[in-house]
Every structure is written in C-alpha cells, then in structure tokens.
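K.L.:
I have a structure here, written as structure tokens, and I will follow up with some questions on it.
Rule-based calculations on the coordinates, nothing more; no lab input. Nothing here was measured: the structure is a model prediction, and the numbers come from that model. Glycine also receives a Cβ, built like all others from the backbone with ideal geometry; neighbour counts cover every protein chain displayed.
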Amino acid sequence: MTELLYLQDSYIKDFTAKVLEDFGDYVVLDRTAFYPGGGGQPNDEGWLQLEDSLTKFEVKKVEKREEVVLHYINKEKSLNIVGKNVKGLLNWDKRYTYMKYHTAIHLLDAVMRKNFGKAFLTGGQIYADKARVDIDYPGLNKNMIPQIEYMINSEIKNGRDVVIKFLSKKEAESIPDIARTKPGQELLKKLEIVRVVEIVGLDVQMDGGTHVKNIKEIGSIKITNFENKGSHNKRIEFVLI
C-alpha cells in the first residue's frame, strides 16, 4: 500500500520514501506526494533521487492501481533499487498550476449553482495552460458568459479559504450533492471515510485532487470559449491570467 501524502497536504513539494517494488519501467513507493491523475487533473511529474547519491530519475507518468501508486521512471531495467530510500521532487510549477485550475473549476461549479440553480458539471479537463468544463444547464448561453466570468473573479478577489475535511459516510451523505458525478456517487457507496473539499461559505463536494488554500491564489480567470453542444451539454474553456 502506498501512503498518499497529497490527500493531507497539497503543498508538499518533496518527500522521502522507500522503494517497495521495482518493475524496471516503474517503481512502487511506500509513500508519495505525486498525484496520480484523476477527475480531469493530470498526473504530477518530477524526479526521484537515490538517497546519498546524485543519481536522479525523471518521473513522467504516475498512476494509481488499486492500493499502490506506480511511478514510471527513466531507469536502466537492470538496475534494481528495491529497498532503497529515495527523495521525491515534484515539478512544483506544473503541480501548482494544476491546483489553481482544479480549484477554479470547483469555484465555477459553485458560482453556477449559487446564481443559476441546478447546473451540473458533467466533465472537465485540466491542461498546462487552460481548462474546460462541460455543463448540463439548458438555459446557459453565450450572453451569460461575461456575467459568469465577472462573478467568479469577484469571488476570487474577495477570497475564501479552501479546506480539506475527512467525513464519515453518514456525515457526507447528509450533505446535498456532495458527489457531483455518477462515478462519484457510486464511489460514495463504497467509502467509510470521505474526503471533501470545501470552499468556505460557498461549496462542499467530494474530491480526491489537490487544491490551493485560498481562492485568491487563482489570480483571475478569462473565459476564452463557449460551445453549445446540445441542450444538456454546454462547454466552457478558460485560462488563468
């Protein structure tokens, strides 16, 4: 089992760990701060450095497989590092950008719900330089975009703390719309402890990704594209500026 450090603290930039398994192309660690991707957020990248050595391996891909996290590294397959201690170093600039975009998606969701009622985000994807969300809200149209952008940036300017909480299943299920997607609703049925992300005073939802501590860190957003892909599918793309 890999201990998931990022669930407790999104701001861990480096950490120490032990290599439990070495499969040549990838290794399994006993603990990690590398986010393995999910919910539209890409996996982290960075490096693993052997303890007391200058030997450093680049981490380009990370994925979670059941209870362990696989770190794909550029290493000679003949070099086995099982039992070795390593220092993990995140590509922090990239991770922090993902954190800001992820929190901005939650904020967009919250603003839509607060001001327009039952608007459901049905999908989303974060990239290095932009993000997109798909929204099930039949009344959404292009003329509303400047207003939505203004409301989001007003919230950012005022600032709200973003906190991580771990709730019991009973506590989580008592919160309306705690799970916003069908996969999330199915996962909620299986969990005894539920990790939630709260934008204080505005939004609470089940989530396993990384986020900033205050929405002020987002900076501001610019909505760059709107597509009407059907009555129940509107797409918004935005960038951070």
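K.L.:
Can you say what percent of the DSSP beta bridges in the chain, counting only those with both residues inside, are antiparallel? Round to 5.
P.N.:
Values: 57 of 59 bridges.
Expressed as a percentage, antiparallel bridges in the chain total about 95.
K.L.:
Sticking with this one: Go through the stretch 60-148 and name the GluC sites (Glu not before Pro) that are in a DSSP coil and have 15 or fewer other Cβ atoms within 10 Å of their Cβ.
P.N.:
Glu66, Glu67, Glu76
K.L.:
When a footprinting reagent is the concern and you count Cβ atoms within 10 Å, what order do Asp30, Asp203 take, fewest first?
P.N.:
Asp30, Asp203
K.L.:
In the stretch 1-91, which trypsin sites (Lys or Arg not before Pro) are in a loop and have at most 15 other Cβ atoms within 10 Å, using DSSP for the loop call?
P.N.:
Lys13, Lys77
K.L.:
Moving on. Once the mean 1/r over all distinct Cα pairs of the stretch 1-126 is inverted, what Kirkwood radius in angstroms do you read off?
P.N.:
By the Kirkwood definition, the hydrodynamic radius is 15.7 Å.
K.L.:
Additional query: Only sites in a loop by DSSP and with at most 12 other Cβ atoms within 10 Å count here; which GluC sites (Glu not before Pro) in the stretch 140-223 make the cut?
P.N.:
Those satisfying the criteria are Glu192.
K.L.:
GNM on the chain, C-alpha springs below 10 Å: top fluctuator among Lys100, Lys190, Lys169?
P.N.:
Result for the chain, Cα springs under 10 Å: Lys190 fluctuates most.
K.L.:
Moving to a separate point now. Which of these, Asp22, Asp44, Asp93, has the largest mean-square fluctuation under a Gaussian network model of the chain (Cα springs below 10 Å)?
P.N.:
Of the options given, Asp93 has the highest mean-square fluctuation.
K.L.:
Using Cα pairs closer than 8 Å and at least 6 residues apart in sequence, work out the relative contact order for the stretch 95-240, in percent. Present the calculation step by step, with values, prior to reporting the outcome.
P.N.:
Numbers: 247 pairs, mean separation 48.0, N = 146.
With pairs under 8 Å counted, the relative contact order is 33 percent.
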